Structure formats: C-alpha cells, structure tokens
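What follows is a single structure, written as structure tokens, with notes after it.
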C-alpha cells in the first residue's frame, strides 16, 4: 500500500471509491503536502542555525551586549579592573550552554548561556573572577553562579557567552588563568 493510500484510509477514505483521475490527484496532493512539510522543517532548522551563527558572531565581535536577564549584571561591560593580590590559579576550562539554558543554577537564578558567568567547585557563589585565555591573551570578568565543572582536571566551566568573548567557543577546552576580584 502506498503512503497516499494509507493516509487516505486512515482518514476514513477508501482509495477504491475514487476514480483513477481523482486518485492520481489525491496522490499528487499528498506527495506535495509531504514534500512541503519536509521543506518547512528544513527551513525552520536552517533559520535556527543561522540565528545561532549570527548571535555567536555578534557576541564575539562585541557588537551585541549579552541578552542578560533582568537583575543579572552584565560583567563584560565592566572595566577589567581586578587588580588584586589574590593568588593566580591556572588550569583547563570548558564552556557549557545550550542544554542548560534556562535551568536553575546553584545560586537559584536561571542560567543564561549568553551572560558572563562561570561554574566553580568551591568559590563562593557571586564571586567575581578575572579569567585570561592563556592562548590568545583575551580576558574578562565573570561571576560565579553555578557549581562545576564535573570533568576531572578542569577548574572552570564558563558560559557560552564568556567562551565567545575569550575566543574559544569553537575549541571547547582551553588553558586559562584566573584570579579572584575584590568584593565591590
């Protein structure tokens, strides 16, 4: 049984009651509808991917401010004045985002993958840290709002927005150094 015949029978129509001409029209219409729904799905996926690409490009170029939630500080716009006598720590950092966007973080706020935030295993939630990508020298201040990373050997999990600003969104893991900023 063809897809068209199955579709029509499942809707209560019997293919045998249609004239050959009507049956041909029904099959053509059903095939066209199926193709259109496939194309529509592909267009929706393409538009979503293009949106991701443009957002990542705008964030990495600094053209777009992070779409941060109300009440969340946009730390990427703060001056990188974190002159501190605290010890510099170094190690591997990764980033996280899409699967966690909108979920609650350890401090109770919703995770915004475009905000300048980080996860750390032990630092006090709300602590600001200055992070430096040791491969390219890029640096920024992020706020610790979550716990992690949970992969052995990593010292930080940064938001996707922070990873884009530090220039390692495509790499996934980099070597960083960080220092705790004094409380404001």
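Below are the figures for this structure:
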| item | result |
| --- | --- |
| Residue count, the range 130-147 (criterion: assigned to a strand (DSSP E or B) and over 20 Å from residue 182 (Cα atoms)) | 1 |
| Residue 161 vs. criteria in contact with a strand residue (DSSP E or B) (Cβ under 9 Å, 6 or more places away or on another chain), touching a residue at least 12 places away in the same chain (Cβ under 8 Å) and on the phi > 0 side of the Ramachandran plot | no |
| Every residue from the range 164-179 that is touching a strand residue (DSSP E or B) at 6+ places or on another chain (Cβ under 7 Å) and either outside any loop (DSSP other than H, G, I, E, B) or under 11 Å from residue 116 (Cα atoms) (or both) | 165, 166, 173, 174, 175, 176, 177, 178, 179 |
| Residue in the range 144-158 that is modelled with pLDDT of 95 or more and more than 17 Å from residue 91 (Cα to Cα) present | yes |
| Some residue of the range 96-118 being over 16 Å from the mean Cα position of the chain (by Cα) and closer than 25 Å to residue 85 by Cα | no |
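Rundown of residues vs (1) loosely packed, with under 11 Cβ neighbours inside 10 Å; (2) modelled with pLDDT of 65 or more; (3) in contact with a helix residue (DSSP H, G or I) (Cβ under 6 Å, 6 or more places away or on another chain), yes/no style:
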| residue | (1), (2), (3) |
| --- | --- |
| 28 | no, yes, no |
| 54 | no, yes, no |
| 59 | no, no, yes |
| 71 | yes, no, no |
| 74 | no, no, no |
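The values are calculated or read from the model by the stated rules, or taken from the named source; none is laboratory data. Treat the numbers as computed from the prediction; the structure is a model and nothing was measured. Counting neighbours? That spans all protein chains shown, and the Cβs are built from the backbone with ideal geometry, glycine included.
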